[in-house]
Each structure stands twice: as structure tokens, then as C-alpha cells.
Amino acid sequence: MSGLPLTMRAVLLDRVTPAEDIVLREVPVPTVRPGWALVKIKAFGLNHSEKLLRLNEINLNHIHKPIIPGIECVGEVVDPSDTDLAVGTKVVALMGGMGRSFHGSYAEYALLPRHLLFPLEPDLPLSALGAFPETYFTAWGSLFQSLQLTSEDILLVRGATCALGYAAIRLAKALGCHVVATTHKKEKMKLLQNADEVLLDDGTLSGKVSGVTKALDLVGPRVLKDTLRALDPGGVVCQTGLLGGVYTCQNFDPIKDIPNGVYLTGFFSNFPTQEVMKELISFIHQHHITPDVGHVFDFSDIRSAIMAQDDGTVNGKIVVVVEEDAS
């Protein structure tokens, strides 16, 4: 489409890259193809999975290299190709291979498949919209698809002082649940004021909580067995996060390690659908939910944003704004 630049700024990875080595490079603006639309990126959030990509997963054969990382964005369609989207349509995009199988959102433009583009009516500032797509979709799927949360449930969010934890608390409270949240750092307990109860997690919750019917475990395999033991019969645990730095369960015996009458599930956020995203966006509008934004960085300073992510110095979602909305 005429009027578009030939090149753009982007982060391009082909090897393990610490935060301090992040630079913006000049690369060609993608050329559209059937079934894909070119999106001008407005904002995007940083995610733990992108950190895993930079520091380890980039070495694996299934990662397309060199790759522009970024698994989510908010943007505007500038060339719809043969899709049903109009030029100027505001969209969110997430997952489905972004930033791994094909170039993602750490750029000024991204060429994205139509099935991953979800139109929205933006009534939030860019910083809030940038904090929304992947985090809230993962929280929504974990709570409503995997845990089948209801307003009568008592929900435990283990490892709650992260963007996903904050989102889960907001969604659960909007539904009417009683929420028990944990953190392993005493100084971060004050950040969980939206929860009904806050517990300091020393690695053992079994025997210290009671009445919990559903649990969202964001710490992962390092504490999963203990989370399972913390619930009464009939309780359900969804393991979604990997904050504990342990990525698989070693010597896990389902018969012995899952207590009788307790159920274990998980949520894999790689396959958003139009139906689910429409439900999520409607729920957020209905309940006037505003995402928790920890800090906003300009795209030109993305190195500092990623350094802050690695340092763990930001409470809440880190958002990078690529271009302010003229409207």
C-alpha cells in the first residue's frame, strides 16, 4: 500500500540476548500476503514467555530465526490484504505463533494472520490497552475455561504479584468471588489490596488455608504438589504460570501426588478465538475493569523496559508505547 515506509525499527533476535544487549534495528516493513493483514503497532506489553525466548528458547530448532519477539499487541490495520478488515480498524492480537513461528510485536509494524486479529472499540488509553491482551486472555481462560469459576468459589491465587495474578484477582472479584492471594515477599503484600486475604508464602500452604475451592497456581511445578495438598476434596487446581523457575514436574506420580477428590488442570493460551475474546472484552467493559499498569516505556527505550522486566523492579504490567494515538 502506498504511503507506508520501506523500513521500520524492530528488535531482532538470533541468539541468547541479555536485556542490556537489546538494540533497535532497521528492517524491512513486511509485505502483505493473502489471509494476513499489516498492522501498525500502537502498544504492547512485556511477557514472561518473551524473557524465556530471549534467554533460552531462542536456541531451539522450532524458533524461526532471526525473529522479532512479542506475543501481543494493540494496533491499527494499515493494509488488510484480502481480509474482511478495513483500513483503520483497531485490533488486538496475541499468541498463535507470534514472536516464535513468525515475527511478533517488538516493531513498528507486524504482519499478522487474520484469525489472530480481534477488533475492539478502544475506550481505554494505550497504556491500559497494551496491558490487556495476553495477560487478561490467560487469566480469563484459566479462571473460566479451566477452573469454571463461579461467584460462590473461594479462589486461591498463588504467586499473585505479577501481571497475570493482578488480572486474575480483578476478574474474580468482578465476578463476586472471595480471593486469597499469596506472595513470597513480605514487602509486596501491600500490592495485593484487591484480594480479600493476603498470605506470605514460605513454600508451604498445605494446612495453612481452608475452604479454598479453586486455585490458580502461577508459581508452577516447584510448589504444585503443595498447592494440590492445600485444597479440600472437590477442589480444582489450574497450573498456568512458571514463576518458580521450574518448568516440568520431576518424579510426579499422579496417583500419589494428586490427593483423592482433588482435580488438576492447566491452561495453554496459544489458541485465542473470536468468541472467547468477544466474551472477555464484553466482561471488561461491563465491569469497568482497568488493567494494572506498572510502568510505561517509549519504544525507543525498549532496552530499559526489558532491563526492568529482568530486574523485577516493576509491579504490574510493563507496557511499551510505539506510537501515541492521534485521536
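The values are calculated or read from the model by the stated rules, or taken from the named source; none is laboratory data. This is a predicted model, so every value here is computed, not measured. Cβ sites come from the backbone with ideal geometry, for glycine too, and all protein chains shown count toward neighbours.
Considering only segment 144-157, I want to know if a residue exists there that is buried (at least 23 other Cβ atoms within 10 Å of the Cβ), under 16 Å from the mean Cα position of the chain (by Cα) and under 27 Å from Gly176 (Cα atoms). Within segment 144-157, one or more residues are buried (at least 23 other Cβ atoms within 10 Å of the Cβ), under 16 Å from the mean Cα position of the chain (by Cα) and under 27 Å from Gly176 (Cα atoms).
Scanning segment 38-55 for residues that are touching a Cys at 6+ places or on another chain (Cβ under 6 Å) and either of a type outside the set (Val, Ile, Thr) or assigned to a loop (DSSP other than H, G, I, E, B) (or both) yields one hit, Phe44. Checked across segment 280-293, the condition of being hydrophobic (A, V, I, L, M, F, W, C) and more than 26 Å from Ser127 (Cβ to Cβ) holds for no residue. For segment 86-99, residues that are out of contact with any helix residue (DSSP H, G or I) (no Cβ under 7 Å at 6 or more places or on another chain) and more than 14 Å from Ile41 (Cα to Cα) total 2.
Please note which helices (runs of 4 or more DSSP H) are completely contained in segment 82-198 and include at least 1 residues that are out of contact with any His (no Cβ under 6 Å at 6 or more places or on another chain), farther than 28 Å from Asn56 by Cα and β-branched (Val, Ile, Thr). Talk me through it step by step, then tell me what you get.
Working: elements: 126-130, 133-140, 163-175.
Here the list reads 163-175.
Is segment 100-110 home to any residue that is surrounded by fewer than 24 Cβ atoms within 10 Å (Cβ to Cβ), among the small types (Gly, Ala, Ser), touching a residue at least 60 places away in the same chain (Cβ under 8 Å) and over 23 Å from His285 (Cβ atoms)? No, the conditions are met nowhere in segment 100-110.
State whether one or more residues within segment 72-79 are under 19 Å from Lys317 (Cβ atoms), of a type in the set (A, V, I, L, M, F, W, C) and assigned to a strand (DSSP E or B). Yes, some residue in segment 72-79 is under 19 Å from Lys317 (Cβ atoms), of a type in the set (A, V, I, L, M, F, W, C) and assigned to a strand (DSSP E or B).
Do we have any residue at all in segment 120-133 that's of a type in the set (D, E, K, R), over 19 Å from Thr227 (Cα atoms), at pLDDT below 95 and not assigned by TED's automatic domain parsing to the domain that holds Lys208? Yes: one or more hits.
When you go through Val92, Val77 one by one, which is the residue that is under 20 Å from Lys278 (Cα atoms), of a type in the set (A, V, I, L, M, F, W, C), touching a Leu at 6+ places or on another chain (Cβ under 7 Å) and modelled with pLDDT of 95 or more?
Numbers: Val92 fails: modelled with pLDDT of 95 or more.
Exactly one of Val92, Val77 is under 20 Å from Lys278 (Cα atoms), of a type in the set (A, V, I, L, M, F, W, C), touching a Leu at 6+ places or on another chain (Cβ under 7 Å) and modelled with pLDDT of 95 or more, namely Val77.
Which residue out of Arg229, Arg170 is modelled with pLDDT of 95 or more, of a type in the set (Lys, Arg) and over 19 Å from Asp257 (Cα atoms)? Show your work before the answer.
Numbers: Arg229 fails: over 19 Å from Asp257 (Cα atoms).
The conditions single out Arg170.
One line per residue, one yes/no per condition, for (1) touching a strand residue (DSSP E or B) at 6+ places or on another chain (Cβ under 9 Å); (2) in the same structural domain as Met189 (by TED's automatic domain parsing):
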| site | (1), (2) |
| --- | --- |
| Val74 | yes, no |
| Ser81 | yes, no |
| Val92 | yes, no |
| Arg100 | yes, no |
| Arg114 | yes, no |
| Leu143 | yes, yes |
| Leu147 | yes, yes |
| Val157 | yes, yes |
| Leu171 | no, yes |
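Return yes when Gly141 is farther than 25 Å from Thr290 by Cβ and touching a residue at least 60 places away in the same chain (Cβ under 8 Å) and no when it is not.
Values: farther than 25 Å from Thr290 by Cβ: no; touching a residue at least 60 places away in the same chain (Cβ under 8 Å): yes.
Here the answer is no, as Gly141 does not meet what is asked.
Among the residues examined, Arg33 does not qualify as out of contact with any Gly (no Cβ under 6 Å at 6 or more places or on another chain), buried (at least 16 other Cβ atoms within 10 Å of the Cβ) and not assigned by TED's automatic domain parsing to the domain that holds Tyr166.
What pairs come out if I take residues in segment 186-205 that are touching a residue at least 40 places away in the same chain (Cβ under 8 Å) and pair them with residues that are assigned to a helix (DSSP H, G or I) and of a type in the set (Val, Ile, Thr) whose C-beta lies under 9 Å away, six or more apart or interchain? Final answer for the pair search is Leu205/Thr227.
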